[in-house]
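Take a look at the structure set out below.
The values are calculated or read from the model by the stated rules, or taken from the named source; none is laboratory data. It should be emphasised that the depicted structure is a prediction, and the values quoted were computed from it without experimental measurement. Methodologically, a virtual Cβ is constructed for each residue, glycine included, from the backbone with ideal geometry; neighbour enumeration extends over all protein chains shown.
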Amino acid sequence: MILIVDDKAENIFSLQRTLEMHSFEVDSANSGEEALKKILNTDYSLIILDVQMPGMDGFEVAETISGYSKSKDIPIIFLSAVNTDKKFIAKGYTAGGVDYVTKPVDADIFMLKVKTLHRLYEQNRELNRIQSSLLQEVQTRKEAEQQLTKTMQEQRSILESMPQIAFTLKPNGELEFVNEQWYVYSNSDKQMPGFDPGDDEVAAKIVKTVGEGKSLTAEVRIKNLVSDSYRWHLLKLMPIRQGDAISKWVGTFTDIHDQKAANETLEAKVQQRTEELIAKNKELEASNHELQQFASVASHDLKEPLRKIQIFSTIVRDRHLNGSDQAEDNMGRIIEASQRMTGLINDLLNYSRLSIDTLFEEVDLKQTISEIVKDLEFTIDDKKATIIISDLPRIQAVPGQMRQVFQNLLSNSLKFARPELRPEIQISGVILPGDMCRITVKDNGIGFDEQYLDRIFTIFQRLNARESYEGTGIGLAIVKKIIEKHGGTITAKSQPGDGAAFIIELPMHQNSFKTNFIQTIHNNE
């Protein structure tokens, strides 16, 4: 924008029209004082200033403008119709003008001067902007370099304080910095430590890593110059990136020699212990086999005399007691005791057989429980019990053992029913995350105090007197052992007089490794 300063409106009008015809934006002021106010608030590319004005003349205005930092570089053209002497022209240049034009004005020459001064002002302003931008960029780079130097010093201080061998590489893989630990393994900061002859591929790996721009982790043996021996180290090399480019590489060698030796010793011990365990397992398998044979023979040999005791005691009671109440009572006790003994022998035999490994197969739990309910039909009808079976999953298990689990639980719920209440047993299942399922067997029986929860799953432990409830105290122990053999868990929730809920969690599928391992054992046998 160009500012015209003249006290005569006709002069302003004439110049303004001429400038606007050449596409210049024009502003005007009628006095020097008004011009100074506008100059403070507006940027102008050229000032056309009349010399003779009331108040402040053109020279005074120009001198004042040159004193403002904001406007000192604005070019000024003086216009004068009277003062054409050289001394006045010289005064104009001295006051800060760049040209002195006398009236009448040649419009063409005047416009050439205006265009030239306007273009020079714009070019000068652009140069100032570029210069300012360059100065700012120089300052920014200087600050960045200072920050980079500071960061490098901090990084090197950190690397020096590390107990490991630490180093940095230039982007092309050339060594840039090494800490003091480096010189225990290398004589030069330009040369890598000496690798064990068996680790020749390490140097190639480093070159490949730098070429691909990836990280590297490797166990290497490097030569300790003090002890003249090779020690195991963990080499880690990673790139430091600025944007998409790698600015440097940071690497460390961490001494793992003692740890490596300890691991090798531990592995040797583990191998030794494993071999010992395998031998012990074979001995245990042989011992278990002998125990199974003993249990089978013992149960047969024990049950045979018990059967004779029961048979002949029944004959004596029915044929030879001649109505003696005392004798019949004593004989009845003998028969009941022998029956309990038979049940105990059967339960112990069942418990001992659980140590034998068996193969798993798919079992439909709902069908299995339905078959158990049919087998217990007489007891269920006798107690007028209700059995509710919800949807149950199919799982991988040992069919006979699953049958024994739920038969023992159902028999348990029927046995411990409340006399005044018809038994109701609910069996439900739900599939859990992680290939697991939960089976709940809930009844409305006499219940128990949960503080005795651990006891009910322990062999020969009873919470109720034998006189009140028959049993050997092995049933729930068998259930727990079967569930654990299948990789599951069992617990219970109950309150005295408020029934009990037995909660079983089992894997839907057995570990294939376990199955294969068992098959291998059987094949070897």
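The table for this structure:
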{"read-out": "Total residues in segment 162-192, condition assigned to a helix (DSSP H, G or I) and either of a type in the set (A, V, I, L, M, F, W, C) or outside the structural domain of Ala245 (by TED's automatic domain parsing) (or both)", "value": "2"}
{"read-out": "Unique residue being closer than 25 Å to Arg422 by Cα, at pLDDT below 90, among the charged types (D, E, K, R) and surrounded by fewer than 12 Cβ atoms within 10 Å (Cβ to Cβ) when the list is Glu467, Glu525", "value": "Glu467"}
{"read-out": "Glu290 vs. criteria modelled with pLDDT of 65 or more and either within 60 Å of the chain's Cα centre (by Cα) or assigned to a helix (DSSP H, G or I) (or both)", "value": "no"}
{"read-out": "Lone unmet requirement of (1) closer than 19 Å to Tyr121 by Cβ; (2) among the polar types (S, T, N, Q); (3) touching a Lys or Arg at 6+ places or on another chain (Cβ under 9 Å) for Thr42", "value": "(3)"}
{"read-out": "From Lys269, Lys303, residue being surrounded by fewer than 12 Cβ atoms within 10 Å (Cβ to Cβ) and either modelled with pLDDT under 80 or not assigned by TED's automatic domain parsing to the domain that holds Ala203 (or both)", "value": "Lys269"}
{"read-out": "Pairs with Cβ under 8 Å, 6+ apart, first in segment 143-163 and closer than 17 Å to Glu176 by Cβ, second assigned to a helix (DSSP H, G or I)", "value": "Glu160/Glu180; Met162/Gln181"}
{"read-out": "Tally, over segment 232-270, of residues that are free of Cβ contacts under 8 Å to residues at least 40 places away in the same chain and assigned to a helix (DSSP H, G or I)", "value": "13"}
{"read-out": "Helices (runs of 4 or more DSSP H) lying entirely in segment 369-459 (those with 3 or more residues that are without any contact (Cβ under 8 Å) to a residue 12 or more places away in the chain)", "value": "377-383"}
{"read-out": "Hits in segment 371-404 (condition: buried (at least 18 other Cβ atoms within 10 Å of the Cβ), out of contact with any helix residue (DSSP H, G or I) (no Cβ under 7 Å at 6 or more places or on another chain) and not aliphatic (A, V, I, L, M))", "value": "Gln396"}
{"read-out": "Filtered residues of segment 155-172 (kept if of a type outside the set (A, V, I, L, M), under 14 Å from Val250 (Cα atoms) and surrounded by fewer than 14 Cβ atoms within 10 Å (Cβ to Cβ))", "value": "Ser157, Glu160, Asn172"}
{"read-out": "Residue that is surrounded by the fewest Cβ atoms within 10 Å (Cβ to Cβ) [pool: residues in segment 406-432 that are under 16 Å from Lys493 (Cα atoms) and polar (S, T, N, Q)]", "value": "Ser428"}
